[in-house]
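See structure below.
Rule-based calculations on the coordinates, nothing more; no lab input. What you are looking at is a predicted structure, and each value in this text was computed from that prediction instead of being measured. Neighbour counts are summed over all protein chains in view; Cβ atoms, including those assigned to glycine, are modelled from backbone coordinates with ideal geometry.
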Amino acid sequence: MSDTLKFVRHPHPTPTPADKRAALLANPGFGRVFSDHMVTIRYSDAKGWHDARVEPRAPIPMDPAAAVLHYAQEIFEGLKAYKTADGGATLFRPIENARRFQQSAERLAMPKLPEKIFLEAIDELVNIDRDWIPDGDGSLYIRPFMFANETFLGVKPSSDYLFIVIASSVGAYFKSGADAAVSVWVSQEYTRAAPGGTGAAKCGGNYAASLLAQAEATHHKCDQVVFLDAAERKWIEELGGMNVFFVFNDGSMTTPPLGTILPGITRSSVLTLARDKGIPVREEKYSFDQWRADAKSGKLREAFACGTAAVLTPIGTVRAPDGEFVIGNGQSGARTGELKKALVDIQRGRASDPHKWIHKVF
Ligand code: PLP
Ligand code: COI
């Protein structure tokens with residue numbers, strides 16, 4: 001099947017006026033401010049990938065029997081476009097998102113969008129909506145997604161799909177800001193993923209399944225939920241929308257191994273940056289009981305969440321039904337700050353890029 005498509009461009013006839021856009025970008029929060037355009041590509045078993053368009057962002061008409069509305073055959077990605085000092089725009093490791101999108105598609109029995117088309121679709125959107133990339137610490141969060149669009153109620157892989165890319169101007173993910181430590185709730189009752197399940201795929205269903213646990217976290221005044229493994233309810237896996245790292249008093253770090261967790265691109269980048277700095281880092285199981293004991297004994301110095309939306313966010317307080325504990329002094333630690341700076345400086349073009357992670361859009 002062809003891995004090239006011609007994108008037909010239909011620019012918005014009445015894009016958002018500059019003054020209105022500036023007001024929206026002043027304090028965008030996360031996921032509420034959207035740019036003017038979207039990219040759409042259709043797939044059918046008969047035609048393959050076709051009908052690639054850049055068009056005004058608008059509601060999408062759907063048949064009420066569209067398969068995704070019933071059986072949740074849907075996957076997505078998340079990555080950010082950054083404004084550089086020279087007025088350009090860059091993406092961070094977008095090829096990894098393209099690859100993970102293919103892996104998610106495979107797990108959900110969906111067709112694989114060629115990497116090249118995935119990247120072109122994002123470049124098209126960032127190009128046409130370049131004015132929506134905020135200055136300063138903000139970025140344009142790109143959300144590619146694909147869903148089953150066949151009108152059919154039988155349970156089977158759909159014959160038709162719609163791939164869409166939208167973009168949202170964002171600031172920090174957490175309301176408390178980019179550097180404040182967050183609190184987490186360790187769910188005892190609910191799990192996110194089981195061996196053989198979809199935990200490693202970025203499918204909407206995983207997030208639907210996490211919402212009750214996240215609501216429980218919010219009820220206990222926590223920012224995020226931490227999931228334990230489904231088999232033993234013992235090992236820390238990840239947060240609702242982030243991976244997790246632990247920093248010890250001997251300078252070493254641990255992060256849970258791949259398997260049922262989402263293989264985060266930030267996680268992989270932090271592993272590389274830590275190894276570049278000579279920091280010993282293990283991909284190893286770590287139990288909740290050990291986490292509590294190490295925090296209390298002082299062996300554990302820091303913990304942080306990491307992901308595209310969260311970047312690196314320190315974890316200050318850990319709460320569970322049988323009590324809570326504080327990590328370090330409850331604030332951001334030095335190692336978290338150092339690794340975050342190393343990552344963000346590469347993402348924003350302020351540091352050299354030895355691993356060729358930066359993709360220049362224009
Ligand atoms: N884990 C989950 C469940 C996520 O939703 C995310 C966010 O995308 C991550 C981890 C981190 O992945 P990445 O660093 O690729 O954004
Ligand atoms: C991301 O970091 O891109 C995520 O997907 C996390 C959350 C917004 C779902």
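A few remarks follow.
- The one condition in (1) farther than 27 Å from PRO11 by Cβ; (2) crowded, with 17+ Cβ neighbours inside 10 Å that ALA89 fails to fulfil: (1)
- Checked against (1) of a type in the set (A, V, I, L, M, F, W, C); (2) more than 16 Å from ligand 2 (Cβ to nearest atom); (3) farther than 28 Å from SER159 by Cα; (4) surrounded by 16 or more Cβ atoms within 10 Å (Cβ to Cβ), ILE117 passes all but condition (3).
- Wholly enclosed strands (runs of 3 or more DSSP E) of the stretch 30-93 bearing at least 3 residues out of contact with any helix residue (DSSP H, G or I) (no Cβ under 7 Å at 6 or more places or on another chain) and more than 16 Å from ligand 2 (Cβ to nearest atom): 37-44, 48-56
- Test result for ALA172, surrounded by fewer than 23 Cβ atoms within 10 Å (Cβ to Cβ) and within 19 Å of the chain's Cα centre (by Cα): yes
- Criterion applied to ILE95, ILE128, ILE164, ILE117 was being within 16 Å of ligand 1 (Cβ to nearest atom) and among the β-branched types (Val, Ile, Thr), and the one residue passing it is ILE95.
- Among the residues of the stretch 214-233, those that are surrounded by 13 or more Cβ atoms within 10 Å (Cβ to Cβ) and either basic (Lys, Arg) or within 12 Å of ligand 1 (Cβ to nearest atom) (or both) comprise GLN214, GLN224, VAL225, VAL226, PHE227, ARG233.
- Matching residues, the stretch 270-326, being in a loop (DSSP other than H, G, I, E, B) and β-branched (Val, Ile, Thr): ILE279, THR308
- Selection within the stretch 241-255 - surrounded by 22 or more Cβ atoms within 10 Å (Cβ to Cβ) and either under 24 Å from GLN103 (Cβ atoms) or within 12 Å of ligand 1 (Cβ to nearest atom) (or both): MET242, ASN243, VAL244, PHE245, THR255
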